[in-house]
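Novice: Have a look at this one.
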Amino acid sequence: MAHATAADPDVSVRAGGAPGQRWDAVIIGAGLSGMYQLLRLRELGFKVHAYEAGDGVGGTWYWNRYPGARFDSESWTYGFSFSKDLLAEWEWAEHFSAQPETLRYCNRIADKFDLRRDITFGSRVRSAVYEEATNQWEVVFENGRRTRARFLITAIGPLSAPTMPDIPGKEDFKGEAYHTGLWPHHPVSFAGKRVAVIGTGATGVQTITEVAKTAGHLTVFQRTPNWCVPLHNSRINRQTQAKIKASYPEIFAKCRESFGCFIHDADPRNALDVPAGEREAFYEKLYGEPGFALWMGNFRDVLIDKAANDTLTAFVTRKIRERVKDPKTADRLIPTNHGFGTRRVPLESGYYEVYNQPNVRLIDLRETPIERITATGLETSAGPHDFDMIIYATGFDAITGAFDRIDIRGGGGIKLRDKWADGAHTYLGLQVAGFPNLLTLVGPHNAATFCNIPRCIEQNVDWVTDLLRYMRDNGLKRIEPTADAERLWTQHVHDTASRLLATQIDSWMTGVNKNVPGRLKRTFMAYAGGAPKYRQKCDEVAARGYEGFVLS
Ligand SMILES: Cc1cc2nc3c(=O)[nH]c(=O)nc-3n(C[C@H](O)[C@H](O)[C@H](O)COP(=O)(O)OP(=O)(O)OC[C@H]3O[C@@H](n4cnc5c(N)ncnc54)[C@H](O)[C@@H]3O)c2cc1C
């Protein structure tokens, strides 16, 4: 249901009325990107409005209410850095915050900066069409309402388009069924129930660990095992809280300089230059540290050199075998088609030990695939299973999925969906040739998708804000990248990624999703040159009067 605000922002082209520009800028999405962009443009005096499909702010943290949902980023590196007041008043309870606290944080931002008055909730954008004659975007919502703006800014999220598995019969199931990314707002009890979880990615791992605590029986259906390592979460005590608050400038400076804006940065040594005993001790130390230490704080070559990666993969394999009592189950949980860190690493809090519980069973879908969902459960090639509840932890159509779900048309009616059919083409991951005045926050080819994301959101939004200020100050109304700039950037994205072992693996980072038709070809979705280089490139482009763009 659309809730029009007092300003009734969707009425620019009411039936019979003459079309007219209603907004300088429309933002789609009110997650962290949309909220920060709204704030910055409003400060500049722009007429700006955000439209959000959900009924509240927070994006990821509004939708993903599944049991066990929490950060992989250290909470105190994730929060926004732009407001000293907010940093001083907000206190994270845990080093890796759980979803309810993060959603409270998002709401706090909306309250503190009085953002809700410029957001229309319950408004899903269906199409956005650029009109050359007026140099405006016409935005149409699912409920048929529409509005117009000079600039269209997408803040629609890298992981916001949930996907269901391609299994027949899903609508036949008579029990409770949930997708983790569309989790209901009412409490869900697992106590005593027969629960199925389909999917063992980062979300599945968090869900399974939590559901196993109370379910009568839990059956996990795994297609691809992932390399999971301990999160080592803990509460933040009073002294640590004070220390964190006192050192925010250093924390953010460290994030700024690291590859992915995390506090973990690669060790300058090569794995094979280090004696085996010392190397093992280093892995052991990192395995005992919180967060992504083992993944991002490791030897500089473990994600690019196969032999180096093999040593780390062997180490994590041993850890899984130590933790899972039944060797056959351990075998099933150990990935064989990719090395450690070449896909997104799920962080866990007792995940492997779940499989030692008598109420938990693991089913490997490579041995016995699911054939159909039935009224009472599901059938694999080995036979039927009855359940009270099925949880789909089957993730998202990542990075370009939310774009594909909107009919975005640029100059001459060209569809973004068609243009990106064989992979994204962008300039700086922020603009697309043929789509004037469209700005894509946290879009494909942007450093943000490989990032401790709010650190990169701040960079993306500040850059876009400076651009719009520059255009206003110089009487400019239209911006579009040249075809050459787009081609060179897209090539640069692919060249930078090519040295990573990750590009040889099917994953959402390489654009492969077996649940989405047409997503079987590998491409590269993120800028893999690191956030510092990306920032430098964006700054250079701006300093040279927005080189690579045509402004008029
Ligand atoms: C479970 C989970 C855990 C994560 N943990 C981390 C972490 O620890 N660290 C990290 O850096 N990142 C993490 N992420 C990534 C997370 O998405 C980002 O950190 C961040 O929240 C992205 O903010 P955003 O505003 O760009 O996008 P989102 O938060 O996804 O917000 C996008 C908004 O756009 C709206 N929208 C989309 N399409 C439309 C449309 N057509 N019309 C209207 N509205 C639309 C959506 O409803 C949504 O509210 C996690 C993601 C998930 C799913």
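The values are calculated or read from the model by the stated rules, or taken from the named source; none is laboratory data. Keep in mind that what you see is a predicted model, and the values were worked out from it rather than measured. Neighbour counts are summed over all protein chains in view; Cβ atoms, including those assigned to glycine, are modelled from backbone coordinates with ideal geometry.
Novice: Wholly within the stretch 272-333, which helices (runs of 4 or more DSSP H) include no fewer than the required count, namely at least 1 residues that are closer than 28 Å to residue 530 by Cβ and among the acidic types (Asp, Glu)?
Specialist: On the way: elements: 276-287, 293-296, 306-323, 327-333.
Passing ranges, in order: 276-287, 306-323.
Novice: Yes or no: the stretch 360-374 includes at least one residue that is surrounded by 21 or more Cβ atoms within 10 Å (Cβ to Cβ), farther than 22 Å from residue 510 by Cβ and not aliphatic (A, V, I, L, M).
Specialist: Within the stretch 360-374, none of the residues are surrounded by 21 or more Cβ atoms within 10 Å (Cβ to Cβ), farther than 22 Å from residue 510 by Cβ and not aliphatic (A, V, I, L, M).
Novice: Now for a separate question. Please give the number of the condition residue 201 fails out of (1) under 29 Å from residue 341 (Cα atoms); (2) of a type in the set (Gly, Ala, Ser); (3) within 16 Å of the ligand (Cβ to nearest atom); (4) touching a strand residue (DSSP E or B) at 6+ places or on another chain (Cβ under 9 Å).
Specialist: Of the numbered conditions (1) under 29 Å from residue 341 (Cα atoms); (2) of a type in the set (Gly, Ala, Ser); (3) within 16 Å of the ligand (Cβ to nearest atom); (4) touching a strand residue (DSSP E or B) at 6+ places or on another chain (Cβ under 9 Å), the odd one out for residue 201 is (4).
Novice: Next question. Do we have any residue at all in the stretch 44-58 that's among the aromatic types (Phe, Trp, Tyr), at pLDDT 95 or above and either away from the ligand (no atom under 15 Å from the Cβ) or assigned to a loop (DSSP other than H, G, I, E, B) (or both)? Talk me through it step by step, then tell me what you get.
Specialist: Taking the stretch 44-58 and keeping what is among the aromatic types (Phe, Trp, Tyr), we get 46, 51.
Next, only the ones that are at pLDDT 95 or above stay: 46, 51.
Remaining after also requiring either away from the ligand (no atom under 15 Å from the Cβ) or assigned to a loop (DSSP other than H, G, I, E, B) (or both): 46.
Yes, that holds for at least one residue.
Novice: Going through the stretch 268-296 one residue at a time, which ones are farther than 15 Å from residue 309 by Cβ and buried (at least 16 other Cβ atoms within 10 Å of the Cβ)?
Specialist: 290, 291, 292, 293 - these are the residues of the stretch 268-296 that are farther than 15 Å from residue 309 by Cβ and buried (at least 16 other Cβ atoms within 10 Å of the Cβ).
Novice: Let me ask something additional. Could you tell me whether residue 521 is of a type in the set (Lys, Arg) and within 16 Å of residue 420 (Cβ to Cβ)?
Specialist: Details: of a type in the set (Lys, Arg): yes; within 16 Å of residue 420 (Cβ to Cβ): yes.
For residue 521, the condition - of a type in the set (Lys, Arg) and within 16 Å of residue 420 (Cβ to Cβ) - is met.
Novice: Restricting the search to the stretch 431-449, which residues are under 24 Å from residue 260 (Cβ atoms) and surrounded by fewer than 24 Cβ atoms within 10 Å (Cβ to Cβ)?
Specialist: Scanning the stretch 431-449 gives a single hit, 449.
Novice: Evaluate the stretch 101-118: report whether one residue or more is under 24 Å from residue 394 (Cα atoms), within 10 Å of the ligand (Cβ to nearest atom), touching a residue at least 60 places away in the same chain (Cβ under 8 Å) and crowded, with 18+ Cβ neighbours inside 10 Å.
Specialist: No, every residue in the stretch 101-118 fails to be under 24 Å from residue 394 (Cα atoms), within 10 Å of the ligand (Cβ to nearest atom), touching a residue at least 60 places away in the same chain (Cβ under 8 Å) and crowded, with 18+ Cβ neighbours inside 10 Å.
Novice: What strands (runs of 3 or more DSSP E) completely inside the stretch 386-490 contain at least 1 residues that are in contact with a strand residue (DSSP E or B) (Cβ under 7 Å, 6 or more places away or on another chain) and more than 16 Å from the ligand (Cβ to nearest atom)? Step through it out loud before you land on a result.
Specialist: Numbers: elements: 389-392, 407-409, 438-440, 479-481.
Passing ranges, in order: 389-392, 479-481.
Novice: Counting just the residues of the stretch 164-189 that are farther than 13 Å from residue 67 by Cβ and aliphatic (A, V, I, L, M), which one comes out surrounded by the fewest Cβ atoms within 10 Å (Cβ to Cβ)?
Specialist: 182
Novice: Name the single residue, out of those in the stretch 68-100 being more than 18 Å from the chain's Cα centre (by Cα) and within 14 Å of the ligand (Cβ to nearest atom), that is surrounded by the fewest Cβ atoms within 10 Å (Cβ to Cβ). I'd like the intermediate steps shown before the answer.
Specialist: Applying the first criterion (more than 18 Å from the chain's Cα centre (by Cα)) to the stretch 68-100 yields 76, 81-95.
In the following step, the residues that additionally are within 14 Å of the ligand (Cβ to nearest atom) were identified as 76, 81, 92, 94-95.
Numbers: 76: 23, 81: 17, 92: 20, 94: 15, 95: 21.
My answer is 94.
Novice: For the stretch 498-552, how many residues are hydrophobic (A, V, I, L, M, F, W, C) and more than 30 Å from residue 339 (Cα to Cα)?
Specialist: Residues of the stretch 498-552 hydrophobic (A, V, I, L, M, F, W, C): 500-502, 505, 508-509, 512, 516, 520, 524-526, 528, 531, 538, 541-543, 549-551.
Narrowing further to those that are more than 30 Å from residue 339 (Cα to Cα): 538, 541-543, 549-551.
Residues in the stretch 498-552 being hydrophobic (A, V, I, L, M, F, W, C) and more than 30 Å from residue 339 (Cα to Cα): 7 in total.
Novice: Within the stretch 23-43, can you find the residues that are outside any helix (DSSP H, G or I), more than 6 Å from the ligand (Cβ to nearest atom) and not aliphatic (A, V, I, L, M)?
Specialist: Hits for the stretch 23-43 are 23, 24.
Novice: Looking at the stretch 514-552, which of the residues that are in contact with an Asp or Glu (Cβ under 6 Å, 6 or more places away or on another chain) and under 20 Å from residue 224 (Cα atoms) is surrounded by the most Cβ atoms within 10 Å (Cβ to Cβ)?
Specialist: Only one residue tops the list, namely 516.
Novice: Let me ask something else about it. How many of the residues making up the stretch 374-385 are at negative phi, out of contact with any Lys or Arg (no Cβ under 9 Å at 6 or more places or on another chain) and not in a loop (DSSP other than H, G, I, E, B)?
Specialist: Counting residues in the stretch 374-385 that are at negative phi, out of contact with any Lys or Arg (no Cβ under 9 Å at 6 or more places or on another chain) and not in a loop (DSSP other than H, G, I, E, B) gives 2.
Novice: Restricted to the stretch 119-152, and to residues that are free of Cβ contacts under 8 Å to residues at least 24 places away in the same chain and over 26 Å from the mean Cα position of the chain (by Cα), which residue is nearest to residue 26 (Cα to Cα)?
Specialist: That would be 131.
Novice: If you don't mind, there's one more thing I want to ask. Across the stretch 119-131, what is the total count of residues that are within 9 Å of the ligand (Cβ to nearest atom) and among the β-branched types (Val, Ile, Thr)?
Specialist: Total meeting the criteria: 1.
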